[in-house]
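The values are calculated or read from the model by the stated rules, or taken from the named source; none is laboratory data. Quantities reported herein were computed from a predicted structural model and do not represent experimental measurements. Note that we place each Cβ from the backbone using ideal geometry, even for glycine, and neighbour counts take in every protein chain shown.
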Amino acid sequence: MTDLHLPGAGPACWLLVRWLASDGSRVRVGQSLAELRPAEADGAGIRVSALATGTLWHQVRPGEALQVGQVIGLIE
């Protein structure tokens, strides 16, 4: 199982805007999985990509505040 972490670049706190892949869906390496934006300011958003191929399991919901390094999903 591969943990999907919020990358360590930029602000310390982010918001999950939306998932780009459904919970329980099959994903592949490099596929964009989630869209995030800084929680404190109107900055540029980022996308988190899959680091493995497998089934994606969401660990957080859209609108949740996230910290750098936090696990946001699992790929089984």
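Of these, 63, 54, 69, which one is in contact with a Ser or Thr (Cβ under 8 Å, 6 or more places away or on another chain) and at positive phi?
Just a single option satisfies the conditions, and that option is 54.
Tell me which strands (runs of 3 or more DSSP E) are completely within segment 18-74 and hold 2 or more residues being among the β-branched types (Val, Ile, Thr), surrounded by 12 or more Cβ atoms within 10 Å (Cβ to Cβ) and touching a Leu at 6+ places or on another chain (Cβ under 9 Å), or say none if there are none.
Ranges flagged: 46-49.
Mind counting the residues in segment 1-17 that are surrounded by 15 or more Cβ atoms within 10 Å (Cβ to Cβ) and of a type in the set (A, V, I, L, M)?
Within segment 1-17, residues that are surrounded by 15 or more Cβ atoms within 10 Å (Cβ to Cβ) and of a type in the set (A, V, I, L, M) number 5.
Only one of 41, 65, 21 is without any contact (Cβ under 8 Å) to a residue 60 or more places away in the chain and more than 13 Å from the chain's Cα centre (by Cα); which?
Going through 41, 65, 21 in turn, the sole match is 41.
Would you tally the residues in segment 54-76 being out of contact with any Gly (no Cβ under 7 Å at 6 or more places or on another chain) and farther than 12 Å from residue 3 by Cα?
8
Report yes if some residue within segment 10-17 is on the phi > 0 side of the Ramachandran plot and either part of a strand (DSSP E or B) or modelled with pLDDT of 90 or more (or both); otherwise report no.
Among the residues of segment 10-17, not one is on the phi > 0 side of the Ramachandran plot and either part of a strand (DSSP E or B) or modelled with pLDDT of 90 or more (or both), which makes the answer no.
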